[in-house]
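Undergrad: Have a look at this one.
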Amino acid sequence: MSDTKIARRGSLQLINVPKVLHRGALYVAEARIRVMLKWKWSIAGEAILNPMFYLLSIGIGIGKVVNSHQASGIDGVSYLAFLAPALLASACIIGAVNEVMHPTLEGFKWNKNFYAMYATPISGKQIADGVLLSGLVRALFGTLMYYGALLIFGGVSGWHSLWLIPATIFAAASFAALMLGLCAAIENSDLLLNIVGRLLIMPLFLFSGTFYSLQSMPKFLQFIGWLSPLWHATEVGRWISYGHHISTQGLIAHFLYMGIMYLVGVHYARHFYLKRLSK
Amino acid sequence: MMSTLWRMSAMEKSESSPASPASPAGTIGEPLIIAKGLRKEYGEFTAVDGIDFHVNRGESFGFLGPNGAGKSTTMRIIAATLTRTSGEITILGKDPEKRGPEIRAHLGVVPQQDNLDSSLTVEDNLYVYGRYFGLTKKFIRAKIEELLTFAQLEEKRGVKVEALSGGMKRRLTIARALVSEPEILMLDEPTTGLDPQARHILWDRLFRLKEQGVTLLITTHYMDEAEQLCDRLIVMDKGRIMAEDSPAGLIKTYSTKEVLEVRFGADRNDLYAEKLRSMCDRIEVLPDRVLMYSDDCETLLHNVVSQGMQPTTSLVRRSSLEDVFLRLTGRTLVE
Ligand SMILES: Nc1ncnc2c1ncn2[C@@H]1O[C@H](COP(=O)(O)OP(=O)(O)O)[C@@H](O)[C@H]1O
Ligand SMILES: [Mg+2]
């Protein structure tokens, strides 16, 4: 620690407190994105290769088999077109969930950097918001790449299909918010990973009507699908992409469900973040 | 050794403190932190048991006490990151439970455990932290140069934090706390885990910050650190304040000028205790030695020997805060 002359102004002059109080969540997101950028090549590689592999094997390979057995296609469209909105939604949702769960575990437990953030003017609520926001930025990137791949493979087409992007991000936001809250609430990280990995993600994703229509399942399994944000996102996505039939009430219910999940998630995420930071 | 350290610190203080440093805002001496009946319970357990203290602008204030005394708990309440159970506290005139972010904007916090972002480089840790205070990129970039020099980490700027040694991490944590030019710098056990040379360098840096008008809050369980750094301190034990004063004032009140440390061997220490007690103001019998308190210990040693008690080793030294703590609690600081 050697000599340098410091022209000190002091924090009272230096820091624009009202500005920080408004923008804290953005600063947190900025820091998260800075970390992500360290991994930009692997993130980009994953975002490009993942849809490629999926679309080549499932969409086209399995699609060939399915289409050859069902000349009229599924839901009135080719298997790839049927699958496309679901694949997009699941990739986007999983991406967002990973991007909020990992930093939450890391920030509270592994390297405790949330406690460092919380020693600054950033509030607990802003840390939660910022982590969610950065997760959605990552999800947006993944969604754009996936959407591009779907365009190339012919899974989606037409300007109207661009609406898939905001709809999918909305679904990702709602589930990521919920998982953000859950992650902060459960302090035992092994328990958390088990609950999330085995009990939550798996069934929610298996029974979401991704590969075949939910209606073809027994009622009690359909029920799991109704809970799953992926099913709601998939239904809405199919409606946007190729005009899959949904009643107006049905459509409202889908958005309402996701909207409520988002609000509940954000509320509890903020609550548990603050609780954990200030004890 | 201890007495030279003490004299050194007394000298440095008399050099630096009379010329009151000019603070960029506010008046020197005005209270920045006021606590009354401050209490923190963790479930059934009371970690901080209703303490009163105040810290003035520009002062270097210490919390001295053994592990578990409640120092970190108190620091976290002041840092507006831990809610109190009861009592009153204001920092910069604000209640931390209502105005936490506004208070934290003016604090620089060095926690007991380093919590750097291990996935980022040295430089990026400083940068990101500066952004949390809403500082501009330009300002932070310039500040980073200064802080890297300060922390002697210029060569490590591009290295990931996980590859740094313990001492380097500590220095980086301290540098990070300075990025926002805080009014109050809070250091929780700043030198635990540092080698002696690194400690002295850090102490020197802290003196300089104080000269620039920064208010320092320091916790430590090292009495030499408290003597070196603090204008005023509270001695804490089991969540309570045992005493409060300047290091010299505490020593004057609770100890004699000098201490004679004698060793007779484990069994004879006890044997001689009664006789030794009658020869001076006070004695403390520790497992390995006897401490005898008197203002003139050379004479005292002479008397001890002439009474036919020949110690295997003896040492005359000046009283320290360790002696104060022993007097107040009957225990040593570092056990
Ligand atoms: N989160 C906590 N939950 C329960 N007990 C705690 C917690 N934090 C600290 N303590 C207890 O409170 C006491 C004071 O701790 P601390 O403030 O860390 O002391 P110090 O910093 O002086 O070593 C200790 O006995 C410690 O075990
Ligand atoms: Mg402590």
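Undergrad: So, B:LEU229, is that one more than 16 Å from ligand 1 (Cβ to nearest atom), under 30 Å from B:VAL110 (Cβ atoms) and away from chain A (no Cβ under 14 Å) or not?
TA: Numbers: more than 16 Å from ligand 1 (Cβ to nearest atom): yes; under 30 Å from B:VAL110 (Cβ atoms): yes; away from chain A (no Cβ under 14 Å): yes.
For B:LEU229, the condition - more than 16 Å from ligand 1 (Cβ to nearest atom), under 30 Å from B:VAL110 (Cβ atoms) and away from chain A (no Cβ under 14 Å) - is met.
Undergrad: Mind checking which helices (runs of 4 or more DSSP H) fall wholly inside the stretch A:131-231 and carry at least 2 residues that are of a type outside the set (A, V, I, L, M) and surrounded by 14 or more Cβ atoms within 10 Å (Cβ to Cβ)? Step through it out loud before you land on a result.
TA: Values: elements: A:164-185, A:189-194, A:202-206, A:219-227.
Result: A:164-185, A:202-206, A:219-227.
Undergrad: Report the residue count in the stretch B:245-277 for those that are under 20 Å from B:GLY330 (Cβ atoms) and small (Gly, Ala, Ser).
TA: Within the stretch B:245-277, residues that are under 20 Å from B:GLY330 (Cβ atoms) and small (Gly, Ala, Ser) number 3.
Undergrad: Where in the stretch A:8-70 are there helices (runs of 4 or more DSSP H), lying wholly inside it, with at least 1 residues that are at the interface with another protein chain (Cβ under 7 Å from one of its Cβ atoms)? Walk me through how you get there before you give the answer.
TA: Working: elements: A:11-14, A:17-38, A:40-54, A:63-69.
Filter on the stretch A:8-70 gives A:11-14, A:17-38.
Undergrad: Exactly one of these conditions fails for B:GLY29: (1) in a loop (DSSP other than H, G, I, E, B); (2) within 16 Å of ligand 2 (Cβ to nearest atom); (3) farther than 19 Å from A:GLY124 by Cβ; (4) in contact with a Lys or Arg (Cβ under 8 Å, 6 or more places away or on another chain). Give me its number.
TA: Every condition holds for B:GLY29 apart from (2).
For (1) in contact (Cβ under 8 Å) with a residue 12 or more places away in the chain; (2) within 16 Å of ligand 1 (Cβ to nearest atom); (3) within 11 Å of chain A (Cβ to nearest Cβ); (4) not charged (D, E, K, R), each residue gets a yes or a no:
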| site | (1), (2), (3), (4) |
| --- | --- |
| B:ARG131 | no, no, yes, no |
| B:LYS137 | no, no, yes, no |
| B:MET168 | yes, no, no, yes |
| B:THR192 | yes, yes, no, yes |
| B:ARG208 | no, no, yes, no |
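Undergrad: Against the definition (of a type in the set (Gly, Ala, Ser), in contact (Cβ under 8 Å) with a residue 24 or more places away in the chain and within 14 Å of chain B (Cβ to nearest Cβ)), how does A:SER123 come out, yes or no?
TA: On the way: of a type in the set (Gly, Ala, Ser): yes; in contact (Cβ under 8 Å) with a residue 24 or more places away in the chain: yes; within 14 Å of chain B (Cβ to nearest Cβ): yes.
Taking the combined requirement at face value, the residue satisfies it.
Undergrad: Out of all the residues in the stretch B:65-82, which are at pLDDT below 95 and not small (Gly, Ala, Ser)?
TA: Result: B:PRO66, B:ASN67.
Undergrad: Scan the stretch B:42-95 residue by residue and report those that are near ligand 1 (Cβ under 10 Å from one of its atoms), assigned to a strand (DSSP E or B), within 14 Å of another protein chain (Cβ to nearest Cβ) and surrounded by 15 or more Cβ atoms within 10 Å (Cβ to Cβ).
TA: Going through the stretch B:42-95, the residues near ligand 1 (Cβ under 10 Å from one of its atoms) turn out to be B:42-48, B:63-77, B:82.
This time we only want the ones that are assigned to a strand (DSSP E or B), so: B:42, B:45-48, B:63-64.
Restricting the remaining residues to those that are within 14 Å of another protein chain (Cβ to nearest Cβ) gives B:42, B:45, B:47.
Scanning the stretch B:42-95 gives a single hit, B:ALA47.
The values are calculated or read from the model by the stated rules, or taken from the named source; none is laboratory data. What you see is a predicted model; the values in this text were computed from it and never measured. No Cβ is skipped: glycine too gets one built from the backbone with ideal geometry, and neighbour counts run over all protein chains shown.
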